[in-house]
Structure formats: C-alpha cells, structure tokens
Amino acid sequence: MENNWKFANPILYLLEGNKKDLYVQTYWIFVGVFYVIVFVLIAIGGFLYDKMKDGIITESVKLFIKAIALLLFLFMTILVIPFLTLLIQGFHCEEDPLINYTIDGISCSGSEHTLLVPFSITTIILLLLVLMLEQNLLQQSRLGSDFAWAGFDRHTPFIRLIVKVLLIASFVLDKTSERKAELMLFACVFSLYVLIRRFQASIHFDRWVNFAIFSLQLCTSQ
C-alpha cells in the first residue's frame, strides 16, 4: 500500500531526512513554473486569445500557447496532489527524523523556512483560486452548452476539491496519525455527500460523461 501511495504521489520520495536540498530545489521549480503560468495568463492571456480568434498567429506562438496550456493542464490534474504536498510540507521545520516522510535540517529560524512559509500560504491560496475558477468554467448549467462537463450541479466539484485538500493536508501535517480517525470521518462525510448529490441532482447533460464521472467517483470513494 505504501509503495502504491508513493507511486501516486512521487513527491513522497523527497520527504526523507537526507533529501532536504532536493526537496527545496523541487519546491522552487514547481512554484516558479506555476507563477510563470499565472503571469502569462494574466499579462498576455487576453492578447493571445484575440490573436487566436483573428487567426493572426505564428507557429512559434502556437507552440508557446500549447506549452502553457499543457503545463496548466498538468497542474490542474496529475500534479495537484504532488504540488500541494510540496507546499504544505513547507510549513514543517526541525522534524523528528524517526518519523516517516520527514525532512531533517530545516531550521525554524533559518532563511529557508522563513521563505517557504509565506510562499506556501500565497501559492496555496492562488492554486485553490485557479482550481475553483477552472471548475466554475467547466461546470456550466446551460442546456445546449458545448462543454462536455455541463450539468445541473455546480457545487459538487468544489466539495470534492475540499476533500482532496483535506486528505493531503491531514497526511502531511499529521504524520503520526494522531487525528487520523477524526479526519477520515470528516472526509467520509464529505465523500458521502458527493455521492448522494451525484445520485440526486449532479447529472451531466452528456450521458457518457455522466457515466464516466459517476463510475470514477464511485470507485475512488470506496
């Protein structure tokens, strides 16, 4: 089970006492790439959209847009859990090396920890805002919408996002599992609520999308 969890979240391989430097380097690479994506979207996103709409765009710009779109897609999907793990781990300092998934050598009063904490707070807030915006764009409630994920319910994806963040935060912040029972119960309540909503009202207009999403959530909620 532990190896499967590491395969799903490879950042855990960095959470070892002798890999502090590698963790810090990976942390700043992820944060730097994420901020570059956000800056590009805010600074020149509208300009690029107008150029694409008018058809006045070079091949190099097309490649640039595809690269940014791919990176954003990765951060919104398979990199969400590893990225959040990196960010939440930034709150730790002077951890007990005898506990699994801890990093030794980061002083609470050192410059590294002083930088990691504010960047982690700011980046987590920004990441959650981007994720919520993405869900809001995908979950359209208008009949006849061209979006494959359009449907009646727009609130369930936000609940699922809360559960995901809660589980990641509980694992990283409570490595000794002192509050495991309470946190798992809390996550279970939210997960059951999602399934109930899926049965009652969370119906996507595209029946195959609805079937695929329902099957996935049913499997991952076991």
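Each reported figure results from applying straightforward, stated rules to the coordinates on display, with no laboratory input. Note that the structure is predicted; figures quoted are calculated from it, not measured. Note that each Cβ is placed from the backbone with ideal geometry, even for glycine, and that neighbours are counted across all protein chains shown.
Given their separation in residues at 0.36 nm each and the Cα-Cα distance between them, Leu129 and Ala43 gain 29.2 nm when the chain is fully extended. Based on the reciprocal of the average 1/r between different C-alpha atoms, the Kirkwood radius for the range 1-138 equals 16.8 Å. Cross-link partners of Lys19 among lysines, defined as those whose alpha carbon lies under 30 angstrom from its own and excluding same-chain residues fewer than eight positions apart: Lys6, Lys164, Lys175, Lys180.
Sorted by mean Cβ packing within 10 Å, highest first, what order do the peptides 37-43, 83-89 take?
Numbers: 37-43: 13.9, 83-89: 22.4.
Order by mean packing, descending: 83-89, 37-43.
Within straight-line reach of Lys51, meaning a Cα separation under 17 Å, sit the following lysines at least 8 residues removed in sequence or on another chain: Lys62, Lys66. Packing-based ranking of 121-129, 63-71 yields 121-129, 63-71, ordered from highest to lowest mean Cβ neighbour count within 10 Å. Label sites at Lys62 and Ala8, each approximated as a point 7 angstrom past Cα along Cα to Cβ, lie 3.9 nm apart. Applying both filters, DSSP loop and at most 16 other Cβ atoms within 10 Å, to the GluC sites (Glu not before Pro) of the range 78-118 gives Glu94.
The modelled label-to-label distance between Ala69 and Lys180, using points 7 Å beyond Cα along the C-beta direction, is 4.4 nm.
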